[in-house]
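What follows is one structure encoded as structure tokens, with my remarks underneath.
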Amino acid sequence: MQKLMVTNNPVLLSFVEALLNESGIPYMIADQHISITEGSIGLFPRRVMVDNEDLDAARRLLKLADIDVAYD
């Protein structure tokens, strides 16, 4: 799996999840359970991970949705 994006914005995360679901692109949210250790203050960003073969399609999807993501 490859990192598609990183955010600690719950609204953006929810929107990206909806886009990926609607497009049929499988994904995983990494670090979403770290809030237990941080006290649910949103300090640690969540990583949206997609399969290697879906990375280009997922990036195009975010670009079409006008979501600006810096890629490493």
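Table for the structure above
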quantity	calculated
Enumeration of residues in the stretch 18-28 that are over 15 Å from D66 (Cα atoms) and in contact (Cβ under 8 Å) with a residue 24 or more places away in the chain	S23, I25, P26, Y27, M28
Residue in the stretch 1-12 that is in contact with a strand residue (DSSP E or B) (Cβ under 7 Å, 6 or more places away or on another chain), at pLDDT 95 or above and part of a helix (DSSP H, G or I) present	no
Filter result for L55 (touching a helix residue (DSSP H, G or I) at 6+ places or on another chain (Cβ under 8 Å), of a type outside the set (V, I, T), part of a helix (DSSP H, G or I) and modelled with pLDDT of 90 or more)	no
Residue satisfying all of: in the stretch 30-52; at pLDDT 95 or above and under 14 Å from T7 (Cβ atoms); surrounded by the fewest Cβ atoms within 10 Å (Cβ to Cβ) among these	M49
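The values are calculated or read from the model by the stated rules, or taken from the named source; none is laboratory data. Keep in mind it's a predicted model, so treat the numbers as computed, not measured. Cβ: placed from backbone, ideal geometry, glycine included. Neighbour counts: every protein chain shown.
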